[in-house]
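Heads up, the thing below is written out as structure tokens.
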Ligand SMILES: NC(=O)c1ccc[n+]([C@@H]2O[C@H](COP(=O)([O-])OP(=O)(O)OC[C@H]3O[C@@H](n4cnc5c(N)ncnc54)[C@H](O)[C@@H]3O)[C@@H](O)[C@H]2O)c1
Ligand SMILES: O=C(O)C(=O)C[C@@H](O)[C@H](O)[C@H](O)COP(=O)(O)O
Ligand SMILES: [Zn+2]
């Protein structure tokens, strides 16, 4: 497999930019063994890939923390437990954290790193498709509250992202599909050529063809890196990465973070946003049909599982809403996006029937 390195150019200096290394092994930067290093992971990931991580990198971690598995563990309780554990185990300001897992581990570890002793370094070693194409890049970190998704967090960039595409061989098909949903997001809202490629190569992608996968991961990381380097803290442009998330986050919260995986909720949110786009921006219904067909091919859900009323009620607490309006990312044509502010109170049933 071809090794690929991309650079995420955050800030004005080389010191704040960082590499994304895509490989079929774990490739960590030289010299990290000199610092106290703390791995944060989950039991299954440690069991499946822990030995290979240590073998490939020569890493000798100071200590390893296994957090609970599942979105409901991306919580303030887990956050506090990890902070206490770091102190118990002698971590200091020059310590390094390693997020070894999917987006749940990555968001949690990043937020701990952003706040422990007011901020320490961390490395992302993403092991799910979703985390390799999206969550390990860009420095959004945080936890959920019962009342809302990712409501507490910080922007804190990793110092290195090490993607080992081999880890995807052990991922179950439901979580693999959830990652595909974020891949489809990039194509449908930001890159029509990518969307066409996904439609054309759907079978190879479903079969996890390693060459196709590593090229798709590279492509998605490149798109995200371009966006994040122009708007690190989401003062504008970066919100495009939220396509499908306005309603997606409501689905997750409504299901108590257990009924739908993040990617599944985003799939539902993208179809709803496409239907809104038909009404408000004249998106060709044929584009929505292709989106639904592609999501369906990967067994992703496409229909709203909750009543309109709940959506209308919760939408005001979306992070993109102001006192008077909710900002949607909509799509006038495949691969293009526009922000549309809809005044509150919002009634989804006025725009779409399903
Ligand atoms: N920060 C961001 O920019 C960003 C972007 C997108 C999503 N997210 C967040 O990411 C989270 C979802 O991440 P996810 O989809 O990776 O879910 P996840 O982290 O829950 O991982 C999914 C499951 O796969 C298991 N797993 C991980 N790697 C494995 C492997 N190689 N083999 C077998 N099992 C493995 C995990 O233990 C878990 O059970 C959500 O909390 C979402 O909000 C953040
Ligand atoms: O990186 C971003 O910016 C994104 O919006 C990527 C999303 O896929 C991701 O789910 C993110 O965590 C959502 O952020 P939020 O600010 O809407 O909570
Ligand atoms: Zn997402």
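In the list 271, 228, 266, which residue meets the criterion of being in contact (Cβ under 8 Å) with a residue 24 or more places away in the chain and more than 15 Å from ligand 2 (Cβ to nearest atom)?
One residue alone meets the criteria, 271.
When only residues in segment 282-302 that are in contact with a helix residue (DSSP H, G or I) (Cβ under 9 Å, 6 or more places away or on another chain) and over 15 Å from residue 264 (Cβ atoms) count, which is surrounded by the fewest Cβ atoms within 10 Å (Cβ to Cβ)?
Residue satisfying both the conditions and the ranking: 285.
Among the residues of segment 306-318, are any under 20 Å from the mean Cα position of the chain (by Cα) and assigned to a loop (DSSP other than H, G, I, E, B)?
Yes, that holds for at least one residue.
Within segment 102-116, which residues are touching a residue at least 60 places away in the same chain (Cβ under 8 Å) and within 9 Å of ligand 2 (Cβ to nearest atom)?
Matches in segment 102-116: 103 only.
Considering (1) out of contact with any strand residue (DSSP E or B) (no Cβ under 6 Å at 6 or more places or on another chain); (2) within 11 Å of ligand 1 (Cβ to nearest atom); (3) outside any helix (DSSP H, G or I), say which one residue 174 fails and leave the rest.
(3)
For segment 238-252, which residues satisfy the criterion of being away from ligand 1 (no atom under 11 Å from the Cβ) and either surrounded by fewer than 21 Cβ atoms within 10 Å (Cβ to Cβ) or part of a helix (DSSP H, G or I) (or both)?
239, 240, 246, 247, 250, 251
A quick yes/no check of all residues on (1) within 15 Å of ligand 3 (Cβ to nearest atom); (2) in contact (Cβ under 8 Å) with a residue 24 or more places away in the chain:
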position	(1), (2)
118	no, no
121	no, yes
128	yes, yes
133	yes, yes
139	yes, yes
144	yes, yes
148	yes, yes
156	no, yes
159	no, yes
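Look through 58, 90, 119, 33 and report the one residue that is modelled with pLDDT under 95 and over 30 Å from residue 216 (Cα atoms).
33
Tell me, yes or no, whether segment 127-146 has at least one residue that is closer than 18 Å to residue 36 by Cβ, in the same structural domain as residue 33 (by TED's automatic domain parsing), touching a helix residue (DSSP H, G or I) at 6+ places or on another chain (Cβ under 9 Å) and assigned to a strand (DSSP E or B).
No, there is no match, as no residue in segment 127-146 is closer than 18 Å to residue 36 by Cβ, in the same structural domain as residue 33 (by TED's automatic domain parsing), touching a helix residue (DSSP H, G or I) at 6+ places or on another chain (Cβ under 9 Å) and assigned to a strand (DSSP E or B).
Do any helices (runs of 4 or more DSSP H) entirely within segment 179-237 hold 3 or more residues that are touching a strand residue (DSSP E or B) at 6+ places or on another chain (Cβ under 9 Å) and under 19 Å from residue 295 (Cβ atoms), and if so, which?
The helices (runs of 4 or more DSSP H) meeting that bar number zero.
Which of the residues belonging to segment 265-302 are assigned to a loop (DSSP other than H, G, I, E, B), more than 16 Å from ligand 3 (Cβ to nearest atom) and on the phi < 0 side of the Ramachandran plot?
283, 284, 302
Please indicate, with yes or no, whether at least one residue in segment 226-234 is buried (at least 23 other Cβ atoms within 10 Å of the Cβ) and at negative phi.
So far as segment 226-234 goes, yes, one or more of its residues are buried (at least 23 other Cβ atoms within 10 Å of the Cβ) and at negative phi.
Do you know which of the residues in segment 76-108 that are in contact with a strand residue (DSSP E or B) (Cβ under 6 Å, 6 or more places away or on another chain) and closer than 20 Å to residue 175 by Cα is surrounded by the fewest Cβ atoms within 10 Å (Cβ to Cβ)?
Among those that are in contact with a strand residue (DSSP E or B) (Cβ under 6 Å, 6 or more places away or on another chain) and closer than 20 Å to residue 175 by Cα, it is 107.
Exactly one of these conditions fails for residue 41: (1) at pLDDT below 95; (2) crowded, with 16+ Cβ neighbours inside 10 Å; (3) closer than 24 Å to residue 93 by Cα. Give me its number.
(1)
Tally up the residues in segment 111-124 that are under 25 Å from residue 175 (Cα atoms) and in a helix (DSSP H, G or I), please.
2
Would a scan of segment 22-30 turn up a residue that is surrounded by fewer than 19 Cβ atoms within 10 Å (Cβ to Cβ), touching a strand residue (DSSP E or B) at 6+ places or on another chain (Cβ under 8 Å), assigned by TED's automatic domain parsing to the domain that holds residue 108 and in a helix (DSSP H, G or I)?
No, there is no match, as no residue in segment 22-30 is surrounded by fewer than 19 Cβ atoms within 10 Å (Cβ to Cβ), touching a strand residue (DSSP E or B) at 6+ places or on another chain (Cβ under 8 Å), assigned by TED's automatic domain parsing to the domain that holds residue 108 and in a helix (DSSP H, G or I).
For segment 88-110, what are the residues that are in a helix (DSSP H, G or I) and more than 16 Å from ligand 3 (Cβ to nearest atom)?
Of everything in segment 88-110, those that are in a helix (DSSP H, G or I) and more than 16 Å from ligand 3 (Cβ to nearest atom) turn out to be 88, 109.
Answer with yes or no whether residue 200 is farther than 16 Å from residue 245 by Cβ, free of Cβ contacts under 8 Å to residues at least 60 places away in the same chain and away from ligand 1 (no atom under 12 Å from the Cβ).
yes
The values are calculated or read from the model by the stated rules, or taken from the named source; none is laboratory data. This structure is a prediction, so every number in the text was calculated from the model and none was measured. Virtual Cβ from ideal backbone geometry, glycine too; neighbours counted across all protein chains shown.
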